[in-house]
1. Can you tell which of Val162, Val141, Val95 shows the greatest fluctuation in a Gaussian network model of the chain with Cα springs below 10 Å?
2. Roughly what angle does helix 6-17 make with the longest principal axis of the chain, taking Cα atoms, 0 to 90 degrees, to the nearest 10?
3. Quote the Stokes-Einstein diffusion coefficient, in whole µm² s⁻¹, for segment 39-105, based on the Kirkwood radius over alpha carbon pairs, a temperature of 37 °C and a viscosity of 0.692 mPa s.
4. Need one number: % antiparallel among DSSP beta bridges in segment 18-106, to the nearest 5.
5. Taking the Cα atoms of segment 1-113, what is the range of coordinates along each of the three principal axes, in descending order and whole Å?
6. Could you give me the percent of Cα pairs per 10 Å distance bin for segment 80-196, shortest bin first, beginning at zero and ending with the bin that holds the maximum distance?
7. Using just the Cα positions, wrap the chain in a convex hull and report its mean projected area in square nanometres, one decimal place.
8. Across 5 Å bins from the origin, how do the percents of Cα pairs in segment 84-139 run, short distances first?
Amino acid sequence: MADDEATIRSALEELLALRTGIEIVGGADDGKAAIDLVRAHQPDIALLDVEMPGVDGIAACKSIVEFGTKVVILTASVKASTMREAMAAGASGYVTKATPVDELTAILFKIRDGQSFVDPQLAAEMVRAPESPLSPREADVLRLVLPGTPVADIADELHLAVGTVRNYLSSAMSALGARNRHEAAKLAVERGWIEA
C-alpha cells in the first residue's frame, strides 16, 4: 500500500489485514518507495494513492505493472482525466477512498482473479467527459506551465530540448484553441484533462 497520508494508510492496512486471504507486505508514503517494495516482495496487488510526493501513483503504476503486480488506484480524486491516466498506465482498478472496506476487499479479490474494476460513478463521469485532445506529453508540459515554470526549466524537468517543449506547447495551444500556453493550461484544468 502506498499513501502519503500515514493515518489513512495505517488504518486501512489494519482493516484489510483482518480480512481472510489478505496479507499486507508493506506500506510506503511515496511512489518510489512503493516501486521498491513491489520489487522486493512481488505482491499480487499494489494499492496506490494518486497524489504522493515525488513519484505519484500513476507514474508508480507504470513501473509496478512491469513486475506483473496488478495496481488498484485508491484515491480521493474523482476526475475522469485522472482515471483515464491511471487506466492508461495499466491500473486494473480505480476506487474512491469512500469505498467501504468490505466492498474494497471484494474488489481486490476480483482483481486478483483477473477482473478489472472502476467505481461506477466515476465510470459514468468518464463516459460523459469529453476525450482530451492532448497527447500525454502535451499534458505533461501543460502541467508544468501551471505554476509558471519557464520553458527552459520545463525542458530540464522533462529531459527535452527547449525547441521540443515549444513544439508541444504550440500543438497543445492549437488543440485547445488557446492564445498562449497559460490559457491552454487553464483550459486543460477546467476541462478535467490535467490536474491543477
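1. For the chain, modelled as a Gaussian network with Cα springs under 10 Å, the answer is Val162.
2. 40
3. On the way: Rh = 12.0 Å.
Rounded, D is 274 µm²/s.
4. Values: 0 of 8 bridges.
Taking every DSSP beta bridge with both residues in segment 18-106, the antiparallel ones total about 0 percent.
5. So the three principal-axis extents are 31, 30, 29 Å.
6. Distribution as computed: 13, 36, 26, 18, 7, 0 percent.
7. Working: hull surface 44.4 nm².
Projected over every direction and averaged, the Cα hull of the chain covers 11.1 nm².
8. Calculated over all Cα pairs of segment 84-139, the distribution is 4, 16, 24, 23, 17, 9, 6, 2 percent.
The values are calculated or read from the model by the stated rules, or taken from the named source; none is laboratory data. The shown structure was predicted, so the numbers you read here are calculated from the model rather than taken from an experiment. For accessibility, only protein heavy atoms count, side chains too; no ligands or nucleic acids. Shrake-Rupley method; radii C 1.70, N 1.55, O 1.52, S 1.80 Å.
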